[in-house]
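The values are calculated or read from the model by the stated rules, or taken from the named source; none is laboratory data. Remember, it's a predicted structure, so these values are computed and weren't measured experimentally. Neighbour counts are summed over all protein chains in view; Cβ atoms, including those assigned to glycine, are modelled from backbone coordinates with ideal geometry. Just so you know, the surface numbers come from the protein's heavy atoms only, side chains and all, with ligands and any DNA or RNA stripped out. Shrake-Rupley method; radii C 1.70, N 1.55, O 1.52, S 1.80 Å.
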Amino acid sequence: MSDTDKPIPIPRPLPGKTFAAQPLAKQSRRLSWLMRGLIAALFAAAVAVVMVTNVWLTERFSEATRNRSEVRLALYTGNLISELQRNSVVPLLLARDPELIRALQDGDFSRTSARLISFQAEIGAASILLLDKDGRAVGATNRNLLGSNHRSLAYFVDAQRTKDTVFSAQPRQTGGNDFTYSRAVLADNRMVGVIVVAVDLMKYERAWAGLTDAVLVTDSEGRVILATEPRWRGLTIDEALAVQDAPSAIERALRATSDWTQSRPDAYLRGTAVMKTEARVPFRGWRILTFTAYDSVRERVNGVLALEIMGFAILLALTFYFLSRRAWSQSASFQRESAELRLLNARLKREIAQREKVQKDLAVAELTLAQSSKLAALGEMSAAVSHELNQPLAAMKTYLAGARLLLQRHRPEEALSSFQRIDDLIERMGAITRQLKSYARKGGEAFEPVDVRASLSSALSMMEPQLKTRVVQITRNLPRTPVMIMADRLRLEQVIINLLRNALDATKDTKDPKIKLEIVVDHSVHLTVSDNGHGLDNLESLFEPFYTTKKPGEGVGLGLAISSGIVTDLGGRLLARNGDEGGAVFEVQLPILGSELAAAE
């Protein structure tokens, strides 16, 4: 074991100290838990007492405030109903007035406005308006409205639909709402005009504005039609309560401290918690609501709660005082322990420095190993070059021998074709050497549309010298139409040559050797090379570099590994299996040209 691998010795307590400290530590822990339980119980009791006191006092002091709000609510409701009932009979009386009917029939409205003004003084209505059958104002207590058109307004439209008095409420352009009673004026059972009487309910809104309470009236749809807050008109109750100025930081803090001391407020009005009182107005489904502040209630309740909280705070302060004295007595022992920890920390620092030195040595070793890996990769690449160039060199040797024989027989034209094939092989060897960069990184030559059938024919032509040396039955099953893919033609031919060469080697000892070449097209292109040789033994290690079943000197085990890498770069995959009737089957699956373009888009 090296020095860096030895365990770190941990400082131990002094003799005689361990057994004496254990009972003291247990006693200290029991006392600590006891004090914590006492503080928790005291705090829980304080919270419970404050909450119970708050609920009881709030309910008691709020009852009187709620009763007063209900009395005021009944008074407001009576005033509204009285005003509405008093004005509801005015349109019925004016619709039967002979002078107004005659003026509408004759079209003479010279005295109409004066007559309406006299009725207004006697009845006390807010305003009176007489409209002809076209909705034009022909008489009004407010002469500024004479000649104005009201045919699209609700009180004119609704009055034409019924013979009874109708009530309408519509918002003003200047703010607020207009409340009107309207009735059709009939002559010979034919409508000749409409009488409109305005009800001044806004005076109650102005009177409520001087109160400390907030008051609002809603219609049957829940919309606010009267309110002490002008911003509330036309909104629902929830929307009206949400429309308020953003509270300041101090207001938010006061609200947070006051909410926990009382039951949840009905609403907030200008940052103040309020109590909501609601009653039904016996008119068209109206409701009236008031919001009363909790100020007087909260002042009385908070005074009692403040005394209770103060008492519990004093009790907690005394408890913390005794706990602090106990903490002072423990500080000395903590100081001794901290000194021991400092010593241990110094030893750990020395150990860390040693570990860092070992890590630096390991880093140097890793760099050396990486360099060795690079050299091994260069050796593997050299073996790949030897394997790939072996086939063209063998073919060149055969063509040179054939060319020599043709020249001796005075057949130069045929010898020139052999030389042309040798030139093609030299170009192919140059392409193979250029493709060696694919071992270090992905990619290669630019892809182009390639006919798989043409690549197969070119590979067979390349293998012609080896095929002539043996008697092998080669069966080709190819489509009649071109089979186009996006690929590097030379690299695809290299894969086919490798598979053909493996098939030839596998059938070397077979009595009747057969090789079958087949191209099938469905969603992709399937190029199959099968033989009737001895088959495959280890399918898992088949595509690993330097794995081979051949004798030494016949192969280095790189052909299938290189072919698998090329097919992967072309976007496909290379599969291997044993055939149903024996022998090996190698299948190259490649995307067809149309599907690859669609995938690229």
> Just checking, how many residues over the stretch 489-512 are open to solvent by less than 10 Å² (accessible area, probe 1.4 Å) and in a loop (DSSP other than H, G, I, E, B)?
Replying inline: 1
>> Looking at SER110 and the list (1) open to solvent by 20 Å² or more (accessible area, probe 1.4 Å); (2) of a type in the set (Ser, Thr, Tyr); (3) outside any loop (DSSP other than H, G, I, E, B), which single condition is not satisfied?
In response: (3)
> Got at least one residue in the stretch 334-345 being out of contact with any helix residue (DSSP H, G or I) (no Cβ under 6 Å at 6 or more places or on another chain), open to solvent by 60 Å² or more (accessible area, probe 1.4 Å) and touching a residue at least 40 places away in the same chain (Cβ under 8 Å)?
Replying inline: yes
> Do you know which residues across the stretch 162-202 are in contact with a strand residue (DSSP E or B) (Cβ under 9 Å, 6 or more places away or on another chain) and outside any strand (DSSP E or B)?
Replying inline: THR162, LYS163, ASP164, THR165, ARG172, GLY176, ASP200, LEU201, MET202
> How many residues, within the stretch 409-428, are of a type in the set (A, V, I, L, M, F, W, C), surrounded by 17 or more Cβ atoms within 10 Å (Cβ to Cβ) and farther than 11 Å from TYR399 by Cα?
Replying inline: 0
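The rows are residues; the columns are (1) assigned to a helix (DSSP H, G or I); (2) among the basic types (Lys, Arg); (3) open to solvent by 90 Å² or more (accessible area, probe 1.4 Å); (4) modelled with pLDDT of 80 or more.
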residue: MET381; (1), (2), (3), (4): yes, no, no, no
residue: ALA384; (1), (2), (3), (4): yes, no, no, no
residue: THR398; (1), (2), (3), (4): yes, no, no, yes
residue: ALA401; (1), (2), (3), (4): yes, no, no, yes
residue: LEU405; (1), (2), (3), (4): yes, no, no, yes
residue: THR433; (1), (2), (3), (4): yes, no, no, no
residue: LYS442; (1), (2), (3), (4): no, yes, yes, no
> List pairs: first in the stretch 465-485 and more than 19 Å from VAL529 (Cβ to Cβ), second among the hydrophobic types (A, V, I, L, M, F, W, C) and open to solvent by 70 Å² or more (accessible area, probe 1.4 Å), Cβ under 9 Å, 6+ apart or cross-chain?
Replying inline: THR481/VAL521
> In the stretch 194-228, how many residues are free of Cβ contacts under 8 Å to residues at least 60 places away in the same chain, of a type in the set (Asp, Glu) and open to solvent by 40 Å² or more (accessible area, probe 1.4 Å)?
Replying inline: 1
> Within the set of pairs 6+ apart or on separate chains, which have a first residue in the stretch 34-56 that is closer than 23 Å to LEU323 by Cβ and assigned to a helix (DSSP H, G or I), a second that is at pLDDT 80 or above and of a type in the set (A, V, I, L, M, F, W, C), and C-beta atoms under 6 Å apart?
Replying inline: ALA46/PHE312
> Which of the residues spanning the stretch 513-524 are more than 15 Å from GLY582 (Cα to Cα) and either open to solvent by less than 10 Å² (accessible area, probe 1.4 Å) or in a strand (DSSP E or B) (or both)?
Replying inline: LEU517, GLU518, ILE519, VAL520, VAL521, SER524
> Which one is most open to solvent (accessible area, probe 1.4 Å) among residues in the stretch 145-193 that are of a type in the set (A, V, I, L, M) and over 30 Å from PRO230 (Cβ atoms)?
Replying inline: LEU186
> Considering the stretch 307-333 alone, what residues qualify as being surrounded by 10 or more Cβ atoms within 10 Å (Cβ to Cβ) and charged (D, E, K, R)?
Replying inline: GLU308, ARG326
>> in a helix (DSSP H, G or I) and open to solvent by less than 10 Å² (accessible area, probe 1.4 Å): is that true of LEU73 in this structure?
In response: yes
>> Within the stretch 62-116, take every residue that is touching a Phe, Trp or Tyr at 6+ places or on another chain (Cβ under 9 Å) and of a type in the set (D, E, K, R) and give me the one that is farthest from VAL197 (Cα to Cα).
In response: ASP97
> For ASN142, are the conditions met, namely being among the polar types (S, T, N, Q), free of Cβ contacts under 8 Å to residues at least 24 places away in the same chain, open to solvent by 40 Å² or more (accessible area, probe 1.4 Å) and closer than 17 Å to LEU94 by Cβ?
Replying inline: yes
> Only one of these conditions is not met by GLN120: (1) more than 22 Å from GLY285 (Cβ to Cβ); (2) polar (S, T, N, Q); (3) surrounded by fewer than 17 Cβ atoms within 10 Å (Cβ to Cβ). Which number is it?
Replying inline: (3)
>> With polar (S, T, N, Q) and either at pLDDT below 85 or surrounded by fewer than 13 Cβ atoms within 10 Å (Cβ to Cβ) (or both) as the only criterion, which of SER88, SER82 stands out?
In response: SER82
> What number of residues in the stretch 508-533 are touching a Phe, Trp or Tyr at 6+ places or on another chain (Cβ under 8 Å) and hydrophobic (A, V, I, L, M, F, W, C)?
Replying inline: 1
> When the stretch 522-564 is examined, which residues are found to be modelled with pLDDT of 80 or more and of a type in the set (S, T, N, Q)?
Replying inline: SER524, THR528, SER530, ASN532, SER563, SER564
>> Restricting to the stretch 49-59, name every residue that is open to solvent by 50 Å² or more (accessible area, probe 1.4 Å) and within 17 Å of ALA306 (Cβ to Cβ).
In response: VAL49, MET51, VAL52, VAL55, TRP56
